[in-house]
Every structure is written in structure tokens, then in C-alpha cells.
Amino acid sequence: QVGEILSCEAVAKSKKLLCSQVKIGNTVKQIVSGIRKDYTPEEMVGKKVMVLVNLQPRKIRGLVSEGMLLCAEDADGKLSLVAPEKEMPAGAEIC
């Protein structure tokens with residue numbers, strides 16, 4: 001589904017992890033992702049991104065993660081978040 005990043009913080013004692021609060025429809029899910037080398041918490045806020053939401057919650061570094069942000073990776077290992085091309089509301093289904 002399409003999610004909108006409401007807030008984002010770097011995870012303490014981690015060089016890779018960000019913890020985001022993501023609005024998906026009428027709910028907000030916490031998602032921990034290993035994208036810190038390519039994105040700062042400040043640039044994440046307000047982004048619309050594609051989110052995999054049908055996963056079991058999982059603890060990562062003591063934080064519960066309730067989904068996964070979808071990214072593409074180039075040959076050099078650089079990540080790019082997958083985002084809708086046109087304006088879409090948070091919660092729109094990926095089909």
C-alpha cells in the first residue's frame with residue numbers, strides 16, 4: 001500500500017536503521033528500515049512510499065516493525081525508495 005511518512009528517527013547505536021511512523025489509510029504503523037546510509041530522518045518526513053504491510057510484526061533492536069518500505073538497489077548498493085508516480089492517498093492499494 002501507499003504510506004506517508006509522518007515522522008522518522010535514527011535508531012540509537014545503529015549506523016543503518018531508521019524508525020518511521022507511517023500513515024497507511026486510517027492507521028499508523030511503525031516501520032524499522034535499513035536505509036540510513038541513503039536517507040536522513042529529516043528527508044523522510046512527508047514522503048509517499050510503497051509499503052509491504054502483510055508481514056508479521058517483528059522486533060528489530062528492541063523496536064517493533066510492522067511492515068517494510070520497498071526500495072530498489074543499483075549495482076553500487078545505493079538504495080532508492082519506491083514511490084507512486086502520481087499523487088496517491090496514504091492507504092491506496094498496490095495492484
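The values are calculated or read from the model by the stated rules, or taken from the named source; none is laboratory data. Everything quoted here is computed from the prediction, not taken from an experiment. Using ideal geometry, Cβ is built from the backbone for each residue, glycine included, and neighbour counts are taken over all protein chains shown. We work out accessible area using only protein heavy atoms, side chains counted, and drop any ligands, DNA or RNA first. Shrake-Rupley method; radii C 1.70, N 1.55, O 1.52, S 1.80 Å.
Of all residues being in a loop (DSSP other than H, G, I, E, B) and more than 25 Å from residue 13 (Cα to Cα) in the stretch 48-75, which is nearest to the chain's Cα centre (by Cα)? Just the residue, please. Looking at residues that are in a loop (DSSP other than H, G, I, E, B) and more than 25 Å from residue 13 (Cα to Cα), I get 53. Going through (1) under 11 Å from the mean Cα position of the chain (by Cα); (2) farther than 17 Å from residue 2 by Cβ; (3) in a strand (DSSP E or B) one by one, residue 21 falls short only on (2). Picking from residues in the stretch 67-80 that are open to solvent by 60 Å² or more (accessible area, probe 1.4 Å) and not small (Gly, Ala, Ser), the one that is nearest to residue 18 (Cα to Cα) is 68.
In the stretch 41-51, the condition of being among the basic types (Lys, Arg), out of contact with any Pro (no Cβ under 9 Å at 6 or more places or on another chain) and surrounded by 16 or more Cβ atoms within 10 Å (Cβ to Cβ) is met by at least one residue. Residue by residue through the stretch 1-35, note down the ones that are touching a Cys at 6+ places or on another chain (Cβ under 7 Å), within 18 Å of residue 79 (Cα to Cα) and polar (S, T, N, Q). Selection gives 20 alone.
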